[in-house]
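Single-structure report; data block below.
The values are calculated or read from the model by the stated rules, or taken from the named source; none is laboratory data. Fair warning: this is a prediction, and the values are worked out from it, not measured in the lab. Cβ placement follows ideal geometry from the backbone for every residue including glycine, while neighbour counts extend to all protein chains displayed. SASA here: full protein model, heavy atoms, side chains in, ligands and nucleic acids out. Shrake-Rupley method; radii C 1.70, N 1.55, O 1.52, S 1.80 Å.
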Amino acid sequence: MASKSPPKAAKKAARPVAREAGPAPRVGFDWRRIAYHVLASRALDDAEEATNRNRASVPKEHLVLYQFSARGHDVAQVILGSLITGRHDAAGAYYRSRPLLLTLGLTLEDALGSPLGRAGGFSDGRDIGVVCNLPTRDGPIVLPMSGDVGSQYTPTAGWAQAITYHRGVLGDDSWNGSIGVALGGEGSVATNGFWSALTMATTLELPMLFYIEDNGLGISVTGDMQTPGGNIARNLASFENLLVRDGDGTDPHETSGLVAEAVGHVRSGRGPALVHLTMPRLCSHSGPDNQRAYRSDAEIEADATRDPLPRLEAYLVPALLSPDEWTAIEAEVARDVEAALTAARARPNPDPTTIGQHVYADDSPEVPEALGGMSRAERSALGGTDAPQEEGDRLRFAEAVRLTLRRELEVNPKVVVFGEDVGRKGGVHLVTEGLQKQFGNERVFDTSLSEEGIIGRAVGMAISGLVPVAEIQFRKYADPAAEQLNNTGTMRWRTANHFAAPIVVRMPGGFGKDVGDPWHSLSDEVRFAHAYGWQVAIPSNAADAVGLLRAAMRSPNPTVFFEHRSLLMTGDGSARYPGDDYVLPFGRARIVRQGSDLTLVTWGAMVHRCAEAAAQFDERVALIDLRTVAPWDRETILSSVKTTGRCMIVHEDNITAGFGAEIAGTVAQDAFWYLDAPVERLAPNDIPMPYHPVLLDAVLPDVSDIVARIERLLSV
Ligand SMILES: Cc1ncc(C[n+]2csc(CCOP(=O)(O)OP(=O)(O)O)c2C)c(N)n1
């Protein structure tokens, strides 16, 4: 329905305006377009707020369940957006970034339809409407946002590093002059992600812009709690390799000057920049928040006088636009938003029968490809076989991983391998030894000491089309990256298959040879099996390591690849090299030995202890090496248990809610009538890994423990 009069907020904000004598509108900006997008953003906020305010009288399906306005942030953000024009530019944004998305191509209908949770849009009703993404194929993209404040920074830094890779290593000139821009509030400068990305961008001199929108408040916490004195620009004034600019984000002239300078600096390859702009938040933090609970009327009124919209009008009218032209833009916006609202409300609800789709990739040709990782064509061109070569040399576990990385680096220029000490030293476990020398430090490199940075970087690189293989030095040290890891796993699902980040995370863990401790010997694989969207491999030998690592590096899904410490430190996992093209599909367990009376299930280094134990029972004990816990091979285990009638699971992770519980539950449910005895689990009794070998032995199941438990179960 077309509306003749301008929208309410535009009217309220735009008049009366005292025209101040000021500078002429800066050349090089499409100010008419900027005015349109600012007014459109206001009208979207108005429409949603008005509906929610009148909740008693509007249909329930018109309410926005989680509403966020950007009023006050809009003018500066739209000015910034007007400069993000490169074909390979990317913005890492956050929930208050809708004005920016409008400038980058978000339609008004999607902008309204997604907060209503309707079908289509950026998440098909799966995610909060302001947690958006923009998967443009041939123009600037908006990386998938997350709900976690600060989590946008390291993936954007990863994108910026990928720009240098596409340009420098892959020789693709279309990436010249591209930039990554991370937007965040002043609260977000206190997060790990901000500092990690700042370290990455400044040490590597990446083409990255940090754009900080300082409205003085987190939700209710003031900016002086986020950085001393409340101004991050002042505090970073002496930061090496960083251009810092600070200004008033309500002043279009100042803002356009500072942002253009910073964007120009980053585009020209002179390194990263940070722009800090102050602006008011002319609304509560979000729909459910009431700012009157923590702000006085005087504070709210003082902010209202800083509204940037009247300043924009005064800047442009009459210097560039006549009053009638401004009014015409308002009317155009009102018409467009009204039409978009009608169309958004008419969109169907999302289809509940599709909710299980896109947790993992679906390679059916009719399913569109997500943005991120290799294309289907690239993956299938790499080929591969699941038939191992017969006559390979015997090699140890670490060598197997190194050979596979080397081979994939050779055949796939998109592969990059990195982590702490991975480059010059070759990794603390020496798994990547020699690779940097062979492939150069763009492809095999050391990173700063930030696991959040390692994983966030991998995400940004993967979205740009690369194949990142990140090393986390020890399993325990993945903890600081938990947020990025979790968000990686849900990315495909929550963006309704628009984006995916198929990264490989190599992670040594588990007990070592006669050595353990709470930091270097954690396994806790169940955490990743429990996380959404991840594949998890725990190979027990060199041949499986080759096949599973290659499968991971050619997969459209992210993978955690465990390298067991005891296998890295001993010859226990030695096996014949299965070949340069060997690919072992996930979810295919290995029957290590057949047996008639009991099925013993395990994975990782415990396979070797279990094999020794099972050998003491002639042909009575079948041993199955699970190889991967996500996905896991239910069929092989169930069919074995159905013939043996007994099941015992051994693992080194905690017994409580360890992966053995999952297997036991499945066996109890799906093979109950075949069981001759209760399902048995043998695992550490919820005790962390200790240091002294005597203590370590007391915690871990050893061969005699396994033998004793098998005997007991066979006697039932
Ligand atoms: C990691 C994390 N912690 C806490 C929250 C809850 N939270 C959401 S927004 C917010 C304040 C963010 O303030 P700021 O970065 O200044 O952005 P603004 O909302 O002011 O634009 C908080 C604490 C969150 N989403 N993520």
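Somewhere in the range 173-194, is a residue outside any helix (DSSP H, G or I), farther than 30 Å from ASN441 by Cα and touching a strand residue (DSSP E or B) at 6+ places or on another chain (Cβ under 7 Å)? Looking for residues that are outside any helix (DSSP H, G or I), farther than 30 Å from ASN441 by Cα and touching a strand residue (DSSP E or B) at 6+ places or on another chain (Cβ under 7 Å), one finds at least one in the range 173-194, hence yes.
Quick grid of which residues meet (1) touching a Lys or Arg at 6+ places or on another chain (Cβ under 6 Å); (2) of a type in the set (D, E, K, R); (3) at positive phi:
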{"site": "ASP30", "(1), (2), (3)": "no, yes, no"}
{"site": "ARG55", "(1), (2), (3)": "no, yes, no"}
{"site": "VAL58", "(1), (2), (3)": "no, no, no"}
{"site": "GLY72", "(1), (2), (3)": "yes, no, yes"}
{"site": "GLN77", "(1), (2), (3)": "no, no, no"}
{"site": "LEU83", "(1), (2), (3)": "no, no, no"}
{"site": "LEU102", "(1), (2), (3)": "no, no, no"}
{"site": "ASP110", "(1), (2), (3)": "no, yes, no"}
{"site": "LEU116", "(1), (2), (3)": "no, no, no"}
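All of GLY356, GLY392 fail the test of being open to solvent by less than 10 Å² (accessible area, probe 1.4 Å) and more than 20 Å from ARG457 (Cα to Cα), apart from GLY392. Could you give me the residue pairs with C-beta distances under 7 Å whose first residue belongs to the range 184-198 and is modelled with pLDDT of 95 or more, whose second residue is more than 10 Å from the ligand (Cβ to nearest atom) and of a type in the set (S, T, N, Q) wherever it lies, and which are 6+ apart or on separate chains? Short answer, once both residue conditions are applied: GLY184/GLN152; VAL189/THR227; ALA190/THR227; GLY193/THR154; SER196/THR154; SER196/SER450; ALA197/THR154; ALA197/THR156. Restricting GLY373, GLY384, GLY456, GLY434 to residues that are farther than 16 Å from SER555 by Cβ and surrounded by 14 or more Cβ atoms within 10 Å (Cβ to Cβ) narrows the list to GLY456. Among the residues of the range 205-234, the one identified as out of contact with any helix residue (DSSP H, G or I) (no Cβ under 6 Å at 6 or more places or on another chain), in a loop (DSSP other than H, G, I, E, B), open to solvent by less than 20 Å² (accessible area, probe 1.4 Å) and more than 7 Å from the ligand (Cβ to nearest atom) is ASN231. Does ARG681 satisfy the condition of being within 35 Å of the chain's Cα centre (by Cα), within 29 Å of GLU619 (Cβ to Cβ) and of a type outside the set (Val, Ile, Thr)? Answer is yes for this residue.
The test for being surrounded by fewer than 22 Cβ atoms within 10 Å (Cβ to Cβ), within 14 Å of the ligand (Cβ to nearest atom) and over 24 Å from VAL467 (Cβ atoms) does not hold for GLY105. Is it the case, given these coordinates, that ASN541 is polar (S, T, N, Q) and within 25 Å of the chain's Cα centre (by Cα)? No; evaluated as a whole, the condition is false for this residue.
Any residue in the range 82-92 that is within 15 Å of the ligand (Cβ to nearest atom), of a type outside the set (S, T, N, Q) and part of a helix (DSSP H, G or I)? Scanning the range 82-92 turns up no residue that is within 15 Å of the ligand (Cβ to nearest atom), of a type outside the set (S, T, N, Q) and part of a helix (DSSP H, G or I). Among residues of the range 157-204 being of a type in the set (Asp, Glu) and more than 16 Å from the ligand (Cβ to nearest atom), the one that is nearest to ASN412 (Cα to Cα) is ASP172.
So how many residues does the range 276-307 have that are β-branched (Val, Ile, Thr) and touching a Ser or Thr at 6+ places or on another chain (Cβ under 9 Å)? The qualifying residues number 1.
Scanning the range 133-156 for residues that are in a loop (DSSP other than H, G, I, E, B), within 15 Å of the ligand (Cβ to nearest atom) and open to solvent by less than 10 Å² (accessible area, probe 1.4 Å) yields MET145, GLY150, SER151. Just one of the numbered conditions (1) within 16 Å of the ligand (Cβ to nearest atom); (2) assigned to a loop (DSSP other than H, G, I, E, B); (3) touching a helix residue (DSSP H, G or I) at 6+ places or on another chain (Cβ under 7 Å); (4) open to solvent by less than 30 Å² (accessible area, probe 1.4 Å) is not true of ARG96: (3). In the range 259-312, of all residues being part of a loop (DSSP other than H, G, I, E, B) and aliphatic (A, V, I, L, M), the one that is farthest from the ligand (Cβ to nearest atom) corresponds to LEU282. Within the range 465-483, one or more residues are of a type outside the set (Lys, Arg), more than 24 Å from ASP572 (Cα to Cα), open to solvent by less than 20 Å² (accessible area, probe 1.4 Å) and within 16 Å of the ligand (Cβ to nearest atom).
Could you tell me whether the range 617-625 includes any residue that is in contact with a helix residue (DSSP H, G or I) (Cβ under 9 Å, 6 or more places away or on another chain), part of a loop (DSSP other than H, G, I, E, B) and farther than 21 Å from HIS520 by Cα? Within the range 617-625, one or more residues are in contact with a helix residue (DSSP H, G or I) (Cβ under 9 Å, 6 or more places away or on another chain), part of a loop (DSSP other than H, G, I, E, B) and farther than 21 Å from HIS520 by Cα.
Scanning the range 29-57 for residues that are outside any helix (DSSP H, G or I) and either hydroxyl-bearing (Ser, Thr, Tyr) or in contact with a helix residue (DSSP H, G or I) (Cβ under 7 Å, 6 or more places away or on another chain) (or both), we see that the one that is surrounded by the fewest Cβ atoms within 10 Å (Cβ to Cβ) is SER57.
Taken as a whole, the condition of being under 28 Å from HIS62 (Cβ atoms) and either open to solvent by 30 Å² or more (accessible area, probe 1.4 Å) or within 16 Å of the ligand (Cβ to nearest atom) (or both) applies to ARG335. Scanning the range 484-498 for residues that are surrounded by fewer than 21 Cβ atoms within 10 Å (Cβ to Cβ) and within 14 Å of the ligand (Cβ to nearest atom) yields a single hit, ASN486. Which one is farthest from the ligand (Cβ to nearest atom), of the residues in the range 118-130 that are at pLDDT 95 or above and open to solvent by less than 20 Å² (accessible area, probe 1.4 Å)? Looking at the filtered set, the residue picked out is ARG118. Kindly evaluate ARG306 against the criterion of being at pLDDT 95 or above and surrounded by 16 or more Cβ atoms within 10 Å (Cβ to Cβ). Criteria met by ARG306.
Do we have THR385 as more than 30 Å from ALA496 (Cβ to Cβ), polar (S, T, N, Q) and touching a Gly at 6+ places or on another chain (Cβ under 8 Å) here? The answer is yes for THR385.
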